[in-house]
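Data first, discussion second: the structure below is written as structure tokens.
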Amino acid sequence: MIDIPTEFARLLKSATRVAVLTGAGISAESGVPTFRGEEGLWSKFRPEELATVDAFMRNPKLVWEWYLHRRELMSSVSPNPGHHALVEMEKHFKDFTLITQNVDGLHRMAGSKNVLELHGNISMNKCFDCGKSYSGEIDLESGHLPLCECGGKIRPDVVWFGELLPARVLNDAFDAVARTELFFSVGTSALVHPAASMPLAAKRNGAYLVEVNLDPTPLTPYVDCMLRGKSGGILPRIVEMMKA
Ligand code: BJW
Ligand code: ZN
């Protein structure tokens, strides 16, 4: 068990409406690299050269190579106890929404059902021009970049900097934020908007705000409870308390 404030313990027993926002940190224990920090992807690669529309238009081959490399890496990873704990929470709370910034698909692989993928999914592709969705392997060996039947360039179905998030997903996320009694921000640097605005929006709407992170973030001064440590250790403890 962990030591948590009385109000949090009370809500774990009484709340029916719960929402969780996850970021790269929850998948770190599965072996998926995070973005920021010493070992993060952005310490080796410049986001503006890989995760923007301009980057893709300038050098689609480079961007595709980077995504295929990450797809390969993600094909061998599996969910960790943090992901599994959130599956248990979904079974327990009547109205549970899992909002994730992650594109790795590990929440669904763990068995979570009501998952809102704010930044898309790395295993899917779409046409840059008409938006048609494509699944399946991309073969760069032929020397040709993949094209849609409309002639548009096919790209990974993820959200790059400067792009709008999928409207329905974003609306559903803010709906959950508006009605939740208990909000968890887990393994995210709380820097990238609009996701970063969700925890404080939930608090403004009266929710009790819990952060689970290895390190403090810009959100930390505003949370009701900060649980510092690995999500794969802390979330299963919260589930134990929820069930006790
Ligand atoms: C552990 C742990 C363990 C480690 N246990 N913890 C308003 C204000 C300011 C700026 C903006 C704004 N609105 C829009 C912007 C611009 C921009 C933005 O937010 N920029 C900021 C960086 C300043 N946002 C956008 O462009 C978004 N679009 C948008 O808003 O459209 C409208 C608009 C456009 C332009 C102007 C104005 C409005 C789109 C954002 C898309 C983000 N895309 C990426 C790439 C996805 C595809 C891919 O994977 O390649 O999404 S960037 C990257 O960052 C990825 C992540 O989902 C996202 C967040 O990262 P996350 O999850 O927080 O990871 P890390 O690595 O940063 O942090 C990990 C954390 O875990 C750390 O805290 C660790 O301590 C912790 N941790 N191990 C627990 N075991
Ligand atoms: Zn098309």
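Listing for the model above:
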item	result
Selection status of residue 120, at positive phi and surrounded by 15 or more Cβ atoms within 10 Å (Cβ to Cβ)	yes
Any hit, the range 193-216, residues being buried (at least 18 other Cβ atoms within 10 Å of the Cβ), closer than 30 Å to residue 132 by Cβ, more than 16 Å from ligand 2 (Cβ to nearest atom) and not basic (Lys, Arg)	yes
2 or more residues in contact (Cβ under 8 Å) with a residue 12 or more places away in the chain, within 27 Å of residue 180 (Cβ to Cβ) and more than 15 Å from ligand 1 (Cβ to nearest atom): qualifying strands (runs of 3 or more DSSP E) within the range 76-164	95-100
Selection within the range 149-178 - crowded, with 19+ Cβ neighbours inside 10 Å and of a type outside the set (A, V, I, L, M)	155, 156, 157, 160
Test: residue in the range 35-44 that is under 17 Å from residue 185 (Cα atoms) and touching a Lys or Arg at 6+ places or on another chain (Cβ under 6 Å)	no
Given (1) within 9 Å of ligand 1 (Cβ to nearest atom); (2) in contact with an Asp or Glu (Cβ under 6 Å, 6 or more places away or on another chain); (3) of a type in the set (D, E, K, R), index of the condition residue 17 fails	(1)
Residue satisfying condition, being among the β-branched types (Val, Ile, Thr) and over 22 Å from the mean Cα position of the chain (by Cα), within set 16, 34	16
Out of 191, 200, sole residue that is more than 12 Å from ligand 1 (Cβ to nearest atom), closer than 23 Å to residue 219 by Cα and either assigned by TED's automatic domain parsing to the domain that holds residue 14 or part of a loop (DSSP other than H, G, I, E, B) (or both)	200
Qualifying residue in the range 45-64 (condition: within 18 Å of residue 237 (Cβ to Cβ), more than 16 Å from ligand 2 (Cβ to nearest atom) and surrounded by 18 or more Cβ atoms within 10 Å (Cβ to Cβ))	no
Residue count for the range 4-23, restricted to those that are assigned to a helix (DSSP H, G or I) and of a type in the set (Gly, Ala, Ser)	2
Any hit, the range 179-190, residues being farther than 22 Å from residue 12 by Cβ and surrounded by 13 or more Cβ atoms within 10 Å (Cβ to Cβ)	yes
Residue count for the range 24-53, restricted to those that are assigned to a helix (DSSP H, G or I) and without any contact (Cβ under 8 Å) to a residue 60 or more places away in the chain	5
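The values are calculated or read from the model by the stated rules, or taken from the named source; none is laboratory data. The model shown is predicted, which means the values in this text are computed figures rather than measured ones. Cβ coordinates were reconstructed from backbone atoms using ideal geometry, including for glycine residues, and neighbour counts include every protein chain displayed.
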